[in-house]
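We did not get these values from a lab; they are worked out from the coordinates using the rules stated. This structure is a prediction, so every number in the text was calculated from the model and none was measured. Neighbour counts run over all protein chains shown; Cβ positions are idealised from the backbone, glycine included.
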Amino acid sequence: MLKNAGIKAAVGLSVTLLLLSACGESTSESQKVVSPELENTIHEVSAEGSAANVIKPHQGVNQEPTPLEIKREGTDVYINMTAQITDIEIAKGYTYKAWTFNGETPGPLVVVNEGDTIHFTLENKDPAIPHSMDFHAVHTAPDKGFANVAPNEEGTFSYQATKPGVFMYHCGTAPILTHIANGMHGVIIVKPTEGYPTDQEIDREYVVIQNEWYKYNDLENMTNEEPAQVVFSTKALQEGQPNTNGTVSAVKDTPLLAKVGDKVRIYINNMGPNELSSFHVVGTIFDDVYIDGNPANHFEGMQTVMLPASGGAVVEFTVKEEGVYPFVTHQFNHATKGAVGYIKVTSDGRDDGSTVGGH
């Protein structure tokens, strides 16, 4: 349901508009979700992201990250998130004024159980632009369940998570490409009721996310050019694990840890918004793979898992010797742009303090 008049005004956004925007089609003046003046400003800003080039309503705005609020009552899960503008240092010396969920990009990890009913509230703290939430893990009419939330308003929506898997979520407001590429994306894991057949074999598990960065807020570049950076991040699945943004060296500076003999599970998702990921861990073979994280989609002995934009998987592998195991997208032009992370394997599974380098 929608909680206020500002949101009700946004409900008129049709499913057709969403689909056309996703495919890069132009929209009429009456269909635009921002004013023509603001839309022109958005599309004209340059790559540097300096204060002078940020769209006027976002100049000087750098909202502190907001903790994810999630509460369970039986099979009802209440999730509160924010849409906000937060500076993210993508590479050393290069800060991007990102459009984010909760001040993180990718946004915070959401984990629910198969069969849960999600009661989702989005507070839009962006002073100028409407935003929304598109959960790939649910069934809903997009013009209702994924409706826009106006600036400085909030909306609440309900739907059930009926299928297990590793799913993308993202802002679905037109033009969708702009919102995703500016940082509004993340992962929701729906845990299977019966678990995975290999659950008892797993020693460590992590969440890894791939995403791309383009010229700052430049729809032409996002549509027609190659990404400037392709990066990995990791989100904390358990207490004590690293929780990073999608930056060039995020999972190199803070490697994932394992000990010799561990069977490691990674929940992996490719945010895109445009490119494939060929996910590969150097020095091992995937014992078990569940495409899109569904236990029914089981493969064995895979070297590389191809993930379309928004595609997910659960991959499991065994590390048999001490050392550093890089993981990459085997689209190596993208690996050279930052899509490399490390798994450090030691005799006891702890960080020995040694420097990881050479990649």
field: Cα-based radius of gyration of segment 191-247 once divided by 2.2 N^0.38 Å, which approximates compact folds
entry: 1.65
statement: Ordered by fewest other Cβ atoms within 10 Å, a rough proxy for footprinting exposure, D126, D352, D87 read D352, D87, D126
query: For segment 131-274, what is the convex hull volume of the alpha-carbon atoms per residue, in Å³?
result: 148 Å³
task: Quick one: which residues, 5+ away or cross-chain, put their amide H under 5 Å from the amide H of Q160? H built at 1.01 Å from N.
output: I118, H139
- prompt: Of V305, V251, V230, which is farthest along the charge dipole of segment 219-329 in the positive direction, counting Lys and Arg as +1 and Asp and Glu as -1 at C-beta?
  reply: V251
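Under 8 Å for C-alpha pairs, at least 6 residues apart: give me the relative contact order for segment 199-346, rounded to a whole percent.
The value is 28 percent.
Report, to one decimal in Å, the Kirkwood hydrodynamic radius for segment 199-346 based on all distinct Cα pairs. Intermediate values should be presented prior to the final figure.
Values: mean 1/r = 0.0648 Å⁻¹.
Every distinct Cα pair counted, the radius reaches 15.4 Å.
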